[in-house]
């Protein structure tokens, strides 16, 4: 999800996002954006939907209403 502040959250339950605002406002073309998105997706560590366990249950979450979903 992409927040109104330009942060990309790779997981609904993720606690941190990736700043895309600077890239978008800096005039990046579609290829630049695609490359950045692929990099973020490939390196993500917040796979909460896949790893819901007692270990991750206490981590802070960004609510869907904040993200814009």
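Taking the number of Cβ atoms within 10 Å of each Cβ as an exposure proxy, the fewest-first ranking of 3, 39 is 39, 3.
With a 10 Å Cβ neighbour count serving as the proxy for reagent exposure, in which order, fewest first, do 16, 10 appear? Mind showing how you got there, number by number?
Numbers: 16 11, 10 18.
Exposure proxy ranking, most exposed first: 16, 10.
Since every read-out is calculated from the coordinates, none of them should be taken as a lab result. Just so it is clear, the model here is predicted, and its values are computed rather than measured. When we count neighbours, we look across all protein chains shown, and the Cβ atoms used for this are built from the backbone with ideal geometry, even at glycine.
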